[in-house]
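The values are calculated or read from the model by the stated rules, or taken from the named source; none is laboratory data. Here the structure is a predicted model, which is why all the values come from computation and not from measurement. Here the Cβ positions follow ideal geometry from the backbone for every residue, glycine too, while neighbour counts run over all protein chains shown.
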Amino acid sequence: MAELPIDIDRIVREVLAKMADSVGDAPGAISAKQAAPPPPAPPRAEIDGEVVVASRVVTLDELGGRLKGLRRLVVSPGAVLTPAVRDALRENNVALAFEAATGQPASGAGRLVLVTAFTSFDPGPLVDALRNDGLEACATTSNCLIETTDSLAGRLRESGTLGLVLTSQVAAALCLANRLAGVRAVTGDSAATVAKAAASVGANLLVLDPRGKSVFQLKQMIGEFFGPGPRRCPEALRARLA
């Protein structure tokens, strides 16, 4: 008697179908269609001179040779960049932006309140550059650091708001700001030092002297401060600083 061929794939499909039917008949069962996760959002479209990386950890190997001619690297909120990547970005003058897949600013990043005081720096080109990167920024000019820091202290209590003061009197602005409840002001002379200082105290106010810095350099420093969004004050310092 000739042996009949066995269709293994058909048998497996039938068994799986019977299992699905039995599960679907159970009280409170959720169908496979209902349980299926929503489809992933489409990747963010890249524009000329920009590279978008969705990985949680961004390495030089992942970027490959794409740094040449690159103007901006876009990463997901909370992404971690290796030190080699950060060094390469600085060496190649590549801006860093934290954005969601839809191209909108990172969730929770909120808005940036920018005040210039005791400086001839024109914030217009900087604000335009920040807005082109998807960062909501509003700028005002003040001739009094006391009023500036008092006003910013109130604004920083608003959800998702961070502050930036551009002034030639950095030390005075820092002293005045850090005497106010809930304000944690820092400064820096590069994107790396700004990022380190902001992370150390959960800073919500950045004070910079714009003299001798290009719009591109300022934008990089602001990006490091603003990109992760509002930070929480470290637990060890919260009783005194928050």
Practice task
Kindly check whether there is at least one residue in the range 88-102 that is basic (Lys, Arg) and modelled with pLDDT of 80 or more.
Solution key: no
Handout entry: Flag for residue 194 being modelled with pLDDT of 95 or more and part of a helix (DSSP H, G or I)
Key = yes
Exercise for the section: Would you please name the residue that is modelled with the lowest pLDDT, looking only at residues in the range 197-230 that are of a type outside the set (Gly, Ala, Ser) and in a loop (DSSP other than H, G, I, E, B)? Expected result: 228
Exercise for the section: Answer yes if at least one residue in the range 208-229 is touching a Cys at 6+ places or on another chain (Cβ under 7 Å) and either small (Gly, Ala, Ser) or under 26 Å from residue 119 (Cβ atoms) (or both), and no otherwise. Expected result: no
Handout entry: Test result for residue 178, surrounded by fewer than 15 Cβ atoms within 10 Å (Cβ to Cβ) and without any contact (Cβ under 8 Å) to a residue 60 or more places away in the chain
Key = no
Completion exercise
Filtering the range 120-152 for residues that are over 21 Å from residue 223 (Cα atoms) and assigned to a helix (DSSP H, G or I) leaves a count of 7
Completion exercise
With the first residue restricted to the range 230-242 and required to be in contact (Cβ under 8 Å) with a residue 24 or more places away in the chain, and the second required to be of a type in the set (Lys, Arg), Cβ contacts under 7 Å at 6 or more apart or on different chains are 233/184; 241/184
Fill in the blank from the handout: With criteria (1) surrounded by 14 or more Cβ atoms within 10 Å (Cβ to Cβ); (2) modelled with pLDDT of 80 or more, residue 61 comes up short on (1)
